[in-house]
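Single-structure report; data block below.
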Amino acid sequence: MMRRAKILANRLSVYLLFILIPFVLWKVYTDNTEQKIRHLKNGLEDIERVQKYTSSKLELISHGLEKLAKINHTKQEISSIRNIKKSLTSISFPGPAEFLDHLPRDFSYSPLVDLGPEVIDVDYLLGIPTVKRELHSYLLETVESVLQGTSSFDGRFAIVIYVGDEDEEAVKRIYSDVSEKFPNKPIKVISPPAEYYPNWAEIDETNINSFGDGEDRIKWRRKQNLDYLFLWSYSLGRSKFFIQLEDDIIAKPDYLSFVDKAIAKEPPGWLMLEFSSLGFIGKCFLDADLKGLANFVMLFYKEKPVDWLLENYLSTKVCSPEKSDKECASSKNKIKRTKKPSQFQHVGKHSSLNGKVQNLRDASFSPKKGKSVAGRIPELASMFTNIPAYKKYTLERFWQNKCYFWGSKVEKGAYIILNFKDELTVSRLAILTGGEKNPNDKMPQNSTIFLFGHELMNDYSDVLSQENGQLLGTFGADGRFIKSFESPIVAKSLFIQVHSASSYWLSIYDITLSTA
């Protein structure tokens, strides 16, 4: 709160400059030289006095709030204190985006759409940027997975969904969908004013390195940078830690407790902890460090994609021309620390950039050999399949997280059986096939998935005759099955059956079971 008070005071001084400078300039052109100097000096002294006065007042308010927080209060008093905090966080001052060259001077750096509960003094703020997608939206599945992973965390958290869309009604529909599916959850939906984005048709490409990208991709990466900037600037001062996510991921059960424990054990000196090695997923920053990154991206948002700018920012912080590449990489690793296993997996196939297909996967998302993670890949009693594996890419080695499963012949009647060591209450199931290395090696679209309440033998011929088997659904055209269950299902085994032969092989790179 103290840091935010200083930020507010410094930003308020910018407004005062715009108020006082016209008066000072008028005096410069109307009085003699001696009077001009005196008026300039007096003008500066006035600004300094107002800035000191404002800073002291804001610091007194912050000190007062800190003292009040240590005392027990009535409900009415608690409500009054929260209102003061709300007013303090809602004061609109110039932010980084106000100095982007395409914005008008009178640009109001406030969301056009701002729906959901207030976000004040939380431990973790989870930022999810999204857009209106043409093909398929993963947003609701992502939010559901992110919420499920907070169940064991006893601190305060909030989710801010930034919708980078100028269609106000579309943004409101997204909020309606989210709030209806997840009522009474700490989820905020915001979007920027239409004038926040430049006129893309008028952008000057002179002296801009395209890095081989076409016009559409350059526009896409610049808009993504602006989207991230608005989300970060909005988030400043609202939490202790900020975690950047994307709108097409799944999260591990209890990921937020994992993150919290990792931070508690982490020695000081870090600038970013990453809980996924992919793109900008799972990147955790102290709130105090987020502003520096936002300012850096603001300066170079036209030049490079945001994940490249992040690496440039880290290099700028710790590298020098005198250091070798090896020394620079070592220095960066001291402030950018990767935590494994990954807590987030990318599942989206269709990018927000039209025509771009993404098959990025984080290999460390699954647990290490010999470890069993509750609600994810559970310990098995046995496993069976009649799909021949290619060389070492067996189902057994896949379950040990040594490789993905790669079957060389997928015929009608092929099957996979997984018998769990312990009975599970399954609330969510995700099976991902194909992937970056083998995008065509997907599970055939009409293949079915069942859960059974008992173990299955290595003979699928009588499986479908069992009365206690529950059909969950079929694989999509993208080779994936992701589904959550309103009523969790008690199960002892998982059964997958292929109903049509495939001319391709089969690559399974992830199976995730979440438990209630």
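Residues that are within 14 Å of Ile249 (Cβ to Cβ) and at pLDDT 55 or above within the range 326-357 comprise Ser342, Gln343, Phe344, Gln345, His346, Val347, Gly348, listed in sequence order.
Please indicate, with yes or no, whether at least one residue in the range 85-96 is modelled with pLDDT of 70 or more, within 25 Å of Lys291 (Cβ to Cβ), surrounded by fewer than 20 Cβ atoms within 10 Å (Cβ to Cβ) and of a type outside the set (Ser, Thr, Tyr). Within the range 85-96, not a single residue is modelled with pLDDT of 70 or more, within 25 Å of Lys291 (Cβ to Cβ), surrounded by fewer than 20 Cβ atoms within 10 Å (Cβ to Cβ) and of a type outside the set (Ser, Thr, Tyr). Restricting attention to the range 106-120, the residues that are over 20 Å from Ile81 (Cα atoms), among the β-branched types (Val, Ile, Thr) and at pLDDT below 90 add up to 0. What are the residues in the range 119-177 that are free of Cβ contacts under 8 Å to residues at least 60 places away in the same chain and assigned to a loop (DSSP other than H, G, I, E, B), if any? Passing the criteria: Lys132, Asp154, Arg156, Asp165, Glu166, Asp167.
Taken over the range 170-228, residues that are at pLDDT 80 or above and on the phi > 0 side of the Ramachandran plot amount to 1. Comparison of Glu202, Glu215, Glu180 shows that the only residue that is closer than 28 Å to Leu140 by Cα and exposed (fewer than 13 other Cβ atoms within 10 Å of the Cβ) is Glu180. Take the conditions (1) under 13 Å from the mean Cα position of the chain (by Cα); (2) in a helix (DSSP H, G or I); (3) β-branched (Val, Ile, Thr); Ile263 misses just one of them, which is (1).
Considering Ser277, Ser320, the condition of being over 20 Å from Ser233 (Cβ atoms), within 19 Å of the chain's Cα centre (by Cα) and at pLDDT below 90 is satisfied by Ser277 alone. Of the strands (runs of 3 or more DSSP E) lying entirely inside the range 402-516, the ones with 1 or more residues being exposed (fewer than 13 other Cβ atoms within 10 Å of the Cβ) and either in the same structural domain as Pro388 (by TED's automatic domain parsing) or in contact with a Phe, Trp or Tyr (Cβ under 9 Å, 6 or more places away or on another chain) (or both) are found at 415-433, 470-474, 480-497. There is at least one residue in the range 220-232 that is over 13 Å from Pro129 (Cα atoms), touching a Leu at 6+ places or on another chain (Cβ under 6 Å) and hydrophobic (A, V, I, L, M, F, W, C).
Would you check if Phe157 is at pLDDT 95 or above and either surrounded by fewer than 17 Cβ atoms within 10 Å (Cβ to Cβ) or within 21 Å of Leu310 (Cα to Cα) (or both)?
no
The values are calculated or read from the model by the stated rules, or taken from the named source; none is laboratory data. Because the structure is a prediction, the values reported are computed rather than measured. Positions of Cβ are backbone-derived with ideal geometry, glycine not excepted, and every protein chain shown enters the neighbour counts.
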